[in-house]
Amino acid sequence: MSKTSWIVIGIILVTIFLAINWGIKTGNNMVAMEEGVSSSWSQVENVYQRRADLIPNLVSTVKGYAAHESETLTAVVEARAKATSVTVDPSGKFAYAANGTSANISVYTIDQTTGALTAGTAAAA
């Protein structure tokens, strides 16, 4: 064989060697990238699982706060009703207890013809 044929064979072998090395390196890079994607997805799943674990705690907190708000609203409504209790008499008189005590009851009379309001005090019970 001549010297040029050995050079051509050498170039072909080097080219094949380089192509094989490039293929192996590319395959290894793809495996590394696939592992990176898998790791990232596992972190996402971890965050989703943590959120899912926290939802029951959030629901119980909201239920407790809603019960507290319901009790507070009921107490406020009852206190407001007690503080502004008005009794209506069919004769056109109504009484207003300023502090919920019978000593502070004012009686107002509405004149049916003019609609005028006149104030007076009721006898203490």
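The values are calculated or read from the model by the stated rules, or taken from the named source; none is laboratory data. Everything numeric here is computed off the predicted structure, so don't read it as measured data. No Cβ is skipped: glycine too gets one built from the backbone with ideal geometry, and neighbour counts run over all protein chains shown. In case anyone asks, the SASA skips ligands and DNA or RNA and just uses the protein heavy atoms, side chains included. Shrake-Rupley method; radii C 1.70, N 1.55, O 1.52, S 1.80 Å.
Of all residues in region 26-76, those satisfying the criterion of being open to solvent by less than 80 Å² (accessible area, probe 1.4 Å) and aliphatic (A, V, I, L, M) are Ala32, Val44, Val47, Ala52, Val59, Ala66, Ala67, Ala75, Val76.
Yes/no per residue for (1) at pLDDT below 70; (2) over 43 Å from the mean Cα position of the chain (by Cα):
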position: Val37; (1), (2): no, no
position: Tyr65; (1), (2): no, no
position: Glu71; (1), (2): no, no
position: Ala79; (1), (2): no, no
position: Asn99; (1), (2): yes, no
position: Ile105; (1), (2): yes, yes
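Which residue pairs have Cβ atoms closer than 9 Å, lie 6 or more positions apart in sequence or on different chains, and pair a first residue in region 1-25 that is without any contact (Cβ under 8 Å) to a residue 24 or more places away in the chain and surrounded by 10 or more Cβ atoms within 10 Å (Cβ to Cβ) with a second residue that is outside any helix (DSSP H, G or I) and not β-branched (Val, Ile, Thr)? Close Cβ pairs (under 9 Å, with a partner that is outside any helix (DSSP H, G or I) and not β-branched (Val, Ile, Thr)) amount to Ile9/Met1.
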